[in-house]
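To start, the structure under review is shown below, and the notes come after it.
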Amino acid sequence: MSRQIKIGNLTLGGGAPVRVQSMTNTDTMDTRATVEQALRMVEAGCELVRITAPDVKAAENLGRIKEELLRRGCEVPLVADIHFNPKAAEVAATLVEKVRVNPGNYTDRNTGKLEFSEQEYNDELKRIGERMASLIDICKAHHTAMRIGTNHGSLSERIMSRYGNTPEGMAQSAIEFARVCEEQDFHYLVFSMKASNVKVMVDSTRLFVKKMHALGMDYPIHLGVTEAGDGMQGRLKSAAGIGALLLDGIGDTVRVSLTEDPEREMPIAYDILQAVGARITQPEYIACPSCGRTQYDIQTALREIKEKTKHLVGVRIGVMGCIVNGPGEMADADYGYVGSGHGKITLYKGKEVVKRDIDQKDAVDELVKFIESDRQ
């Protein structure tokens with residue numbers, strides 16, 4: 001289990017619920033548009049709102065965005081996204097609850113150098129510590145958290161020279177920054193290994209966690225498949241990468257990165273968390289695809305059951321075509337709706353029959369009525 005840290009009023013890691021976050025895509029200098037989008041994201045379930053701060057002026061405007069959100073009654077923690085501008089990071093760290101920096105382009109110099117001697121490599125690491133010191137001091141003073149976010153494809157020349165553009169390079173880059181922070185007694189840290197390639201994202205995250213634990217570190221992990229795209233492909237790539245790691249027991253916060261309005265990401269994130277049992281926010285439905293043995297309209301029945309039971313968070317309902325496999329294959333369900341003849345339904349509580357041979361037209365209402373009375 002990871003250590004627990006506070007990001008504003010939000011607890012992350014250490015057994016807290018896996019947190020859902022996203023990022024605005026408005027111009028940060030457009031305060032009104034950014035605030036309105038952030039509010040829509042929060043309404044959709046976003047618990048951390050990330051906003052880009054490419055320069056000092058944008059970083060300063062985060063303060064105005066924060067003030068307006070508070071005036072509107074929204075206390076969501078804000079995360080400043082920093083890439084090339086250390087000064088912007090320092091300004092943002094005084095105004096918001098978390099800053100994100102990318103080790104590949106935050107402090108390493110891009111000079112076209114392809115080879116580093118051992119001395120040059122270590123000298124550059126020392127300079128990273130010196131350049132990070134001011135930001136770390138500000139984060140300490142303001143209790144601001146930091147995410148060290150490594151991205152595949154944006155590793156520094158120094159890392160590339162030794163490890164290449166590989167999961168090993170990604171993990172090593174983050175470990176180096178972790179050591180820099182720990183040497184300066186700064187521990188409000190979150191780490192991420194992101195890639196648009198699902199396998200690279202999964203492999204690099206597993207490798208980083210292994211290295212981190214070997215060093216006695218236990219920082220929270222942020223999960224996401226970056227640049228996943230849109231539509232079904234974006235959703236499936238995100239589910240494959242995030243879900244695989246959550247099933248490993250890795251992950252304290254997630255971001256589904258879609259080329260769509262950011263508020264559309266939250267339902268997908270919660271669906272992934274529900275699917276792997278990491279965070280239950282809705283009912284669970286176990287439904288068979290049906291076959292020739294099914295003698296009632298199971299597709300219509302499932303839609304009606306989902307509509308009428310959507311308020312029953314955490315309840316598991318089996319909707320099965322027939323009694324041949326139904327009662328056994330819905331063994332994990334709390335309640336069952338199983339075909340038992342032409343147009344007939346039998347209701348179950350767990351594996352026990354509650355009522356047999358109900359006419360299909362009455363069976364959904366009978367199921368809902370029984371569940372609600374049984375849960376009182």
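Go through the range 75-102 and give me each residue that's crowded, with 21+ Cβ neighbours inside 10 Å, out of contact with any helix residue (DSSP H, G or I) (no Cβ under 6 Å at 6 or more places or on another chain) and assigned to a loop (DSSP other than H, G, I, E, B).
PRO77, GLU97, ASN102 - these are the residues of the range 75-102 that are crowded, with 21+ Cβ neighbours inside 10 Å, out of contact with any helix residue (DSSP H, G or I) (no Cβ under 6 Å at 6 or more places or on another chain) and assigned to a loop (DSSP other than H, G, I, E, B).
Of a type in the set (D, E, K, R) and touching a residue at least 40 places away in the same chain (Cβ under 8 Å): does that describe ASP359?
No, not satisfied.
Could you say whether any residue in the range 138-146 is surrounded by fewer than 16 Cβ atoms within 10 Å (Cβ to Cβ) and either touching a Lys or Arg at 6+ places or on another chain (Cβ under 8 Å) or β-branched (Val, Ile, Thr) (or both)?
Among the residues of the range 138-146, at least one is surrounded by fewer than 16 Cβ atoms within 10 Å (Cβ to Cβ) and either touching a Lys or Arg at 6+ places or on another chain (Cβ under 8 Å) or β-branched (Val, Ile, Thr) (or both), which makes the answer yes.
Which one of VAL96, VAL76 is in contact (Cβ under 8 Å) with a residue 12 or more places away in the chain and within 30 Å of GLY277 (Cα to Cα)?
Checking each option against the conditions leaves just VAL76.
Residues that are crowded, with 20+ Cβ neighbours inside 10 Å, in the same structural domain as ILE136 (by TED's automatic domain parsing), part of a helix (DSSP H, G or I) and hydrophobic (A, V, I, L, M, F, W, C): does the range 250-262 have at least one?
Within the range 250-262, not a single residue is crowded, with 20+ Cβ neighbours inside 10 Å, in the same structural domain as ILE136 (by TED's automatic domain parsing), part of a helix (DSSP H, G or I) and hydrophobic (A, V, I, L, M, F, W, C).
Being at pLDDT below 95 and under 30 Å from GLY249 (Cβ atoms) is the requirement here; does GLY45 meet it?
Judged against the criteria, GLY45 is not a match.
Kindly indicate whether ASN61 is over 25 Å from GLY249 (Cα atoms) and modelled with pLDDT under 95.
no
Every residue, every condition in (1) surrounded by fewer than 19 Cβ atoms within 10 Å (Cβ to Cβ); (2) assigned to a loop (DSSP other than H, G, I, E, B); (3) over 18 Å from the mean Cα position of the chain (by Cα); (4) modelled with pLDDT of 95 or more, yes or no:
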site	(1), (2), (3), (4)
PHE191	no, no, no, yes
VAL202	no, no, no, yes
THR205	no, no, no, yes
PHE208	no, no, no, yes
LYS211	yes, no, yes, yes
TYR219	no, yes, no, yes
GLY229	yes, yes, no, no
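Within the range 167-176, take every residue that is under 22 Å from the mean Cα position of the chain (by Cα) and not hydroxyl-bearing (Ser, Thr, Tyr) and give me the one that is nearest to SER204 (Cα to Cα).
So, considering only residues that are under 22 Å from the mean Cα position of the chain (by Cα) and not hydroxyl-bearing (Ser, Thr, Tyr), the one nearest to SER204 (Cα to Cα) is PRO167.
The values are calculated or read from the model by the stated rules, or taken from the named source; none is laboratory data. On a predicted model such as this, the values are computed, not experimentally measured, just so you know. Counting neighbours? That spans all protein chains shown, and the Cβs are built from the backbone with ideal geometry, glycine included.
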